Amino acid sequence: MSDTRSTSAALRSELEDFYAHYAEAIDQKRPNDWLSFFTDEGVNAAGTHNNISTTGMWWYVDRGLVDLRERAAYTNGYHWHNPAKTLHVITNIRGHERDDAVIEASAYFVMFVADRSQESQLHVCGRYEDMLVRQGGRLVFQEHRVVIDAETVPQNMGVLL
Amino acid sequence: MTMLDPTVGERRGARVSRDVYTSDEIYRLEKERVFGRTWHFACLTSDLKKPGDFFTVTVADQPLILLRGNDDVIRAFFNVCTHRAAILTGQKCGNYGRVLKCMYHAWAFNLEGELVGVPYEEGYGPDFDRGELGLVSVSVDTFFDLVFVAINPRVPSLVDYLGEIVDHLGPYVQGIEAIGRNSWTYEGNWKLWHENFRDNYHPEFAHRNIHDIIPHYADRGGNWALEPAHSVLQWVAEAPNAKAYIRSLRRYSGVEFAENDTPSFSNPEGFHEAPQEVLAVFPNLDVQPGPKTRGRGMKAGYIQTVTPLSPSRSRVDMVVYSAVDDDPETRARNLENLADSQGSWGKISGDDTEAAHRCQMGAQGTGTRESIFTRGVAPGNGGQDADPRDEYSLRIFYRAYDDYLSAE
């Protein structure tokens, strides 16, 4: 069932700013900065829509800072190939703050890749289902779950989403 | 026609024309003579549990549907209405109830494929014969929990087709069920992917994590051919070197790690003394069970098929499976983590996909026109005592490939 609650203007603005900086850290290939968007116990997961909705299977679930560092390394040079240029567009942002101060947020994302000598192309798109907390005066992910809106994905998904 | 080096005898299949990766004409023949005449993994028996359950696949560009009938028999048909050729379903799987009805003119077929309903049938005249217009069947057979289909098999018996791999594959594929499916495409010929799962020479080089965590990992492995066209690849992982892994992760990415970090991929529990196998079935299937030493190892792993989309583009379909009697906690852990190393996102397969793509780009080059599979010089198919990096498994693939491709 869709969430019909409205997002306050202040929270929407805060989330838009957060996601813009998050996308920038990925697309500017700053993996150590990407890590700073998570709590030390933060979760980062990705999978495809059908698997998640039927079996609950994710491609991967990174749990905590060491797993996140490992993911950041693979997607920023440790794999033989990482796409040359990426661009994330994050939109349709919504959220609400729970009584325990956890912010449940969702957003759509579209990721473009300009790989090797190719022109920019749509790589994947999907949605984020996130839980954020405030830490040190800024938002950070407690959980960042990425649901790809396709069942077949392209090569070179060794990317941060 | 032969695509291979004319060398005869044991070394046949050792040098292969790179036209097999690029030629439109060979691609057309592959669909007709290889994919149209061999057995193909379709799904698991647990995907067809009750009458009306269906599963669809495409073999040689031809849409097929597998169905469990009211008599509990699994049948396979062309997923094509005999009236005007509309596919009966575009869905991957589901349950049809008692009747498959075409969306176009509502022709209806029962679960045994018989035509049982034609709206305004009298308009076709008195000679109209429903009996001639049932769904067209294709061969289907099971090997324990695996279901295979074949359009026009050269070897009618599935067990005969599997040959010597039966004893290797059998223990792994009993009491399992699918827990997730993923697919990805890559810009490369389909054989480049399948070759990869018969090749124990590349992992310590193509996968930085294997090089860093388990250097010379293949030293204790194996890789040999199984008649008539299959192979088994083995390795035994040793105690991982987490510190070397972290140094390398940092070196290639610039990501800062703490000295005492133990990344999950170098987790000793996951790798120590864990014999594993990849079983490759001609032409496009590989089964990679988990380590035999783990409690779940024998009954959890991956099944992958590669489907050609063009000479230079392919799709890999992966089934992640687990034991039917796994407890909820084990199942949840498997669901989350089994695919982490596989897929175009995977910590291992991401590099395999890249290798296939690079080979495809290079195969266009006219500088050299043959790929070389000559490692291992002893006669025969290799064996447990052969060097694990030898290429008997690849030569038996290309011998069979050439046999199929050359047969009118």
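The values are calculated or read from the model by the stated rules, or taken from the named source; none is laboratory data. Model, not experiment: these values are computed from the prediction. Cβ: placed from backbone, ideal geometry, glycine included. Neighbour counts: every protein chain shown. Side chains included, ligands, DNA and RNA excluded: accessible areas come from the protein's heavy atoms. Shrake-Rupley method; radii C 1.70, N 1.55, O 1.52, S 1.80 Å.
Of everything in the stretch B:1-35 that is charged (D, E, K, R) and in a loop (DSSP other than H, G, I, E, B), the residue that is nearest to B:Gln364 (Cα to Cα) is B:Arg18. Evaluating B:Asn70 against the criteria (1) open to solvent by 50 Å² or more (accessible area, probe 1.4 Å); (2) under 26 Å from B:Arg198 (Cβ atoms); (3) in a loop (DSSP other than H, G, I, E, B) leaves one unmet condition, (2). With respect to the conditions (1) farther than 30 Å from B:Ser312 by Cα; (2) surrounded by 14 or more Cβ atoms within 10 Å (Cβ to Cβ), B:Trp184 falls short on a single one, namely (1). Yes or no: B:Thr330 closer than 30 Å to A:Met157 by Cβ and either touching a helix residue (DSSP H, G or I) at 6+ places or on another chain (Cβ under 7 Å) or within 9 Å of chain A (Cβ to nearest Cβ) (or both)? No, not satisfied. Candidates in the stretch B:83-97 are the residues that are open to solvent by 40 Å² or more (accessible area, probe 1.4 Å) and part of a loop (DSSP other than H, G, I, E, B); of these, the one that is modelled with the lowest pLDDT is B:Tyr96.
Comparison of B:Pro171, B:Pro215 shows that the only residue that is farther than 19 Å from B:Tyr392 by Cα and outside any loop (DSSP other than H, G, I, E, B) is B:Pro171.
All of B:Ala407, B:Ala378 fail the test of being closer than 19 Å to B:Asn284 by Cβ and surrounded by fewer than 19 Cβ atoms within 10 Å (Cβ to Cβ), apart from B:Ala407. Filtered by the rule that a residue be hydrophobic (A, V, I, L, M, F, W, C), away from every other protein chain (no Cβ under 13 Å) and in contact (Cβ under 8 Å) with a residue 60 or more places away in the chain, the stretch A:8-37 gives A:Leu11, A:Leu15, A:Phe18, A:Ala20, A:Ala23, A:Ile26, A:Phe37. When the residues of the stretch B:315-360 are narrowed to those that are farther than 24 Å from B:Ile210 by Cα, surrounded by fewer than 22 Cβ atoms within 10 Å (Cβ to Cβ) and in contact (Cβ under 8 Å) with a residue 40 or more places away in the chain, which ends up farthest from the chain's Cα centre (by Cα)? Among those that are farther than 24 Å from B:Ile210 by Cα, surrounded by fewer than 22 Cβ atoms within 10 Å (Cβ to Cβ) and in contact (Cβ under 8 Å) with a residue 40 or more places away in the chain, it is B:Asp325.
Quick check, is A:Thr4 part of a loop (DSSP other than H, G, I, E, B), open to solvent by 40 Å² or more (accessible area, probe 1.4 Å) and free of Cβ contacts under 8 Å to residues at least 24 places away in the same chain? Yes; evaluated as a whole, the condition is true for this residue.
You will find that of A:Leu87, A:Leu132, the residue that is open to solvent by less than 60 Å² (accessible area, probe 1.4 Å), in contact (Cβ under 8 Å) with a residue 40 or more places away in the chain and more than 8 Å from chain B (Cβ to nearest Cβ) is A:Leu132 and no other. Here is a check on your reading of the model: is B:Leu100 farther than 21 Å from B:Tyr302 by Cα and part of a strand (DSSP E or B)? Judged against the criteria, B:Leu100 is a match. Report, by residue number, each residue of the stretch B:283-304 that is closer than 20 Å to B:Asp145 by Cβ, modelled with pLDDT of 85 or more and not hydroxyl-bearing (Ser, Thr, Tyr). Hits for the stretch B:283-304 are B:Asn284, B:Leu285, B:Asp286, B:Val287, B:Gln288, B:Pro289, B:Gly301, B:Ile303, B:Gln304. Filtered by the rule that a residue be of a type in the set (Lys, Arg) and more than 7 Å from every other protein chain (Cβ to nearest Cβ), the stretch A:56-84 gives A:Arg63, A:Arg71. Selection of the stretch B:153-203 for residues being more than 14 Å from chain A (Cβ to nearest Cβ), more than 22 Å from B:Phe143 (Cβ to Cβ) and in contact with a Lys or Arg (Cβ under 7 Å, 6 or more places away or on another chain) yields B:Asn200, B:Tyr201.
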